[in-house]
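Here the structure comes first, spelled out in structure tokens, and everything after it is commentary.
The values are calculated or read from the model by the stated rules, or taken from the named source; none is laboratory data. All of these numbers come straight from a predicted model, not from anything done at the bench. Backbone-built Cβ (ideal geometry, glycine too); neighbour counts: all protein chains shown.
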């Protein structure tokens with residue numbers, strides 16, 4: 001549906017919906033135009049498809065794990081298979097889905113658009129990042145499927161240095177994936193420094209970009225440490241370097257320090273972009289300016305930096321000294337503060353706003369509750385005396401699923417629905433979107449709330465068999481998992497259906513003031529026919545809803561004459 | 001408008017058509033150059049963090065077991081290490097000069113300097129090969145391959161059981177020969193000469209060095225090979241980059257308007273040099 005500007009009081013892009021014309025999806029054809037593309041939008045779409053596939057694979061593994069745990073003894077698989085299942089579930093979900101996740105799939109698409117830019121700073125590096133993901137994915141999955149890797153995604157020594165199996169191959173895959181992450185982060189940092197438009201100072205950037213900046217800092221600074229850790233693990237296995245093996249003079253706890261020095265900041269790679277998405281959604285669907293912009297922006301950087309100081313809270317029971325444990329515990333409590341600042345600011349944004357309950361807003365509200373629970377339970381685990389009892393129990397499993405899933409995945413789904421019209425040019429069915437969101441929300445809580453309880457009752461994690469008194473908790477959890485799975489199917493079908501049958505989306509269906517809404521849905525190859533001028537990204541007063549369009553237009557009396 | 005199927009980006013806007021090196025998404029060459037600079041420095045930061053794991057391992061093991069490092073370093077040849085240091089410093093000088101030559105458009109000078117840099121890199125690797133070869137012959141390799149063929153006598157008295165050191169997770173006996181024990185020695189066993197007979201000089205300072213091989217002495221060589229090996233890999237990568245630059249320079253691709261790749265590889269090469277500047281004293285000049 002092409003609409004020409006009809007009213008001098010309103011300003012709108014010349015083309016609202018570009019599916020009937022030329023856009024980034026149809027401008028060129030053939031697999032080579034995608035495989036060798038330098039267009040950040042196409043790379044973002046390829047990433048989106050890839051990581052959602054990884055999520056599907058990881059999700060199926062989760063259902064298999066939960067099915068096995070329906071009974072206290074063997075249900076559908078042998079013990080060693082079970083160990084490989086949770087290793088694979090963790091590795092796939094973490095390295096292939098959630099770490100690239102929002103930055104690669106949504107950030108790649110949206111970041112240049114939000115800057116009014118034509119692309120990221122290094123488009124070829126962007127494509128290289130994607131191919132490194134693909135290669136790392138192939139490596140890791142083949143290795144795990146053929147090589148009986150059962151170390152858990154954490155690869156703790158001395159088991160990982162002494163056991164049989166394709167450890168070197170899967171660790172090499174993770175090493176390659178690390179470079180994918182580093183290059184994405186590097187690209188985003190340079191883009192945000194050098195490709196902001198005139199008028200967009202740092203404090204006029206959308207908060208999603210602040211979040212991506214903080215994430216990128218962590219990606220660039222933390223991931224190399226994982227790199228050397230994995231490299232040392234490979235050399236240890238291949239040559240007997242001796243650095244982690246006590247029989248050769250090494251120290252296995254040193255591995256844990258190295259590993260968690262990356263893997264703790266990694267969780268901030270996972271959550272910071274999600275928080276950025278929420279900042280965008282809460283503004284648009286409360287029809288209100290963000291509250292506390294600078295605090296939210298600074299807190300993203302604070303979280304990114306503080307995240308480097310707390311890795312030892314994964315190691316309270318590893319034998320490290322009490323003094324060290326106390327310091328890490330104190331710092332862990334500290335890092336809750338910037339996260340809480342964000343939550344308070346978001347809620348304050350909603351106050352006296354005009355709440356618009358669309359599918360993305362349902363996800364936003366879910367995020368507040370689920371991330372809130374997840375974050376607070378992190379404090380339980382950060383308290384030394386309590387952690388001694390909860391370490392390596394299902395309490396930990398529930399905690400990190402609440403923050404990673406209830407936080408990041410929920411925000412990712414919210415962002416995916418929010419930007420879906422921009423990416424695809426189609427509106428999805430909002431009612432079915434809400435059905436999916438509700439099923440995921442209910443299913444998720446049923447799955448993981450019971451895990452908090454059984455964890456605090458002593459149920460250890462990664463166990464194949466368990467004492468019979470835990471059976472009801474496991475069974476409830478499994479039912480929840482299946483319900484979640486159905487919710488995902490509903491969501492996926494709804495989005496897929498919209499690609500063919502959805503209403504053609506206008507340029508600005510939700511009334512956002514950030515720059516990606518100033519171009520057609522989907523955008524042209526060069527992003528903008530005219531570089532838009534940056535203003536306050538959260539000033540919604542200039543937008544009014546146009547019934548006939550089914551979207552928002554900018555009202556601009558100065559446009560006349 | 002339709003585009004070539006291989007190139008979805010639009011054909012150059014007017015301001016871009018004059019400069020073949022200016023990418024479509026940058027406004028000016030200067031912006032593009034500055035972006036490249038930031039990107040390269042970020043990459044160097046990742047390299048520093050990559051090596052930091054090894055420096056951290058060095059720090060942890062040396063803090064907990066200084067005698068291992070004092071023992072092990074005597075088998076390193078300080079002269080060769082110093083020579084390598086000088087070679088790399090010279091190569092950094094020629095590299096920096098090469099960047100200058102590129103900026104000035106002096107292509108022949110640029111190519112010559114790049115070649116000299118490459119030769120220095122090969123010189124470095126050659127000396128390292130000699131050192132590695134000696135270690136191999138002496139069986140002084142990383143932990144699992146550590147089979148020293150110099151004569152060593154086990155201690156004549158049972159070393160005291162030391163308290164567990166921080167970070168040791170297993171219950172393994174963590175006792176090591178303490179330095180204090182050496183004060184009781186009255187005669188020194190012959191230590192096999194290192195690659196250049198360096199060890200003989202150490203004998204003169206025997207009151208500082210343990211005369212018997214401490215427990216887990218192989219850890220020194222694990223650290224040595226890990227650190228110098230990773231560094232050497234980076235030197236090899238650097239040689240490929242420098243060769244690529246030399247070929248492009250010979251084709252006249254660099255001049256005052258465009259010398260970014262030379263500049264960027266120069267930054268990389270300086271980092272490789274700086275890392276060695278740290279490795280040399282930490283491994284070779286232990287007191």
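Can you confirm whether residue A:234 is more than 18 Å from residue B:143 (Cα to Cα) and more than 9 Å from chain B (Cβ to nearest Cβ)? Here the answer is no, as residue A:234 does not meet what is asked. Of all the criteria given as (1) surrounded by 19 or more Cβ atoms within 10 Å (Cβ to Cβ); (2) outside any loop (DSSP other than H, G, I, E, B), the one not satisfied by residue A:150 is (2). Against the list (1) out of contact with any helix residue (DSSP H, G or I) (no Cβ under 7 Å at 6 or more places or on another chain); (2) touching a residue at least 24 places away in the same chain (Cβ under 8 Å); (3) more than 30 Å from residue A:86 (Cα to Cα), the condition residue A:423 fails is (1).
Residue A:242 meets the stated requirement of being at positive phi, in contact with a helix residue (DSSP H, G or I) (Cβ under 8 Å, 6 or more places away or on another chain), within 14 Å of another protein chain (Cβ to nearest Cβ) and modelled with pLDDT under 95. Quick check on segment A:207-229: of everything there that is at the interface with chain B (Cβ under 10 Å from one of its Cβ atoms) and in contact (Cβ under 8 Å) with a residue 60 or more places away in the chain, which residue is surrounded by the most Cβ atoms within 10 Å (Cβ to Cβ)? Across segment A:207-229, the extreme among qualifying residues is A:219.
Taking segment B:54-63 as the range and being within 8 Å of chain A (Cβ to nearest Cβ) and within 13 Å of the chain's Cα centre (by Cα) as the test, only B:54 passes. Take the conditions (1) touching a helix residue (DSSP H, G or I) at 6+ places or on another chain (Cβ under 6 Å); (2) within 14 Å of chain B (Cβ to nearest Cβ); (3) surrounded by fewer than 24 Cβ atoms within 10 Å (Cβ to Cβ); (4) part of a loop (DSSP other than H, G, I, E, B); residue A:156 misses just one of them, which is (1). Here residue A:549 passes the criteria (1) over 20 Å from residue A:428 (Cβ atoms); (2) modelled with pLDDT under 95; (3) in a loop (DSSP other than H, G, I, E, B) except the one numbered (1).
Residues are listed down the side, and each one gets a yes or a no for (1) more than 14 Å from every other protein chain (Cβ to nearest Cβ); (2) surrounded by fewer than 15 Cβ atoms within 10 Å (Cβ to Cβ):
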| position | (1), (2) |
| --- | --- |
| A:297 | yes, no |
| A:301 | yes, no |
| A:306 | yes, no |
| A:318 | no, no |
| A:329 | yes, no |
| A:344 | yes, yes |
| A:348 | yes, no |
| A:368 | yes, no |
| A:378 | yes, no |
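Taken residue by residue, segment A:185-206 has at least one member that is facing chain B (nearest Cβ under 9 Å), within 25 Å of residue A:409 (Cβ to Cβ), under 17 Å from the mean Cα position of the chain (by Cα) and touching a residue at least 12 places away in the same chain (Cβ under 8 Å).
One residue alone among A:331, A:357 is assigned to a loop (DSSP other than H, G, I, E, B) and touching a residue at least 24 places away in the same chain (Cβ under 8 Å), and that residue is A:357.
For segment B:186-212, the candidate set comprises residues that are under 29 Å from residue B:56 (Cβ atoms) and touching a helix residue (DSSP H, G or I) at 6+ places or on another chain (Cβ under 6 Å); within that set, the residue that is modelled with the highest pLDDT is B:195.
With touching a helix residue (DSSP H, G or I) at 6+ places or on another chain (Cβ under 9 Å), facing another protein chain (nearest Cβ under 8 Å) and at pLDDT below 95 as the only criterion, which of B:23, B:35 stands out? Quick ask: steps written out before the conclusion?
Details: B:35 fails: at pLDDT below 95.
Being touching a helix residue (DSSP H, G or I) at 6+ places or on another chain (Cβ under 9 Å), facing another protein chain (nearest Cβ under 8 Å) and at pLDDT below 95 holds for just one of B:23, B:35, which is B:23.
Cβ-Cβ distances below 6 Å connect the following pairs, each with a first residue in segment B:211-228 that is at positive phi and within 10 Å of chain A (Cβ to nearest Cβ), a second residue that is in a loop (DSSP other than H, G, I, E, B) and surrounded by fewer than 24 Cβ atoms within 10 Å (Cβ to Cβ), and a separation of six or more residues or different chains: B:216/A:249. The residues of segment B:67-90 that are closer than 30 Å to residue A:223 by Cα and either more than 14 Å from every other protein chain (Cβ to nearest Cβ) or modelled with pLDDT of 95 or more (or both), listed by number, are B:85, B:88, B:89. Here the condition is being more than 10 Å from every other protein chain (Cβ to nearest Cβ), in a helix (DSSP H, G or I), out of contact with any helix residue (DSSP H, G or I) (no Cβ under 7 Å at 6 or more places or on another chain) and more than 29 Å from residue B:28 (Cα to Cα); of A:253, A:170, A:267, it holds for A:267 alone.
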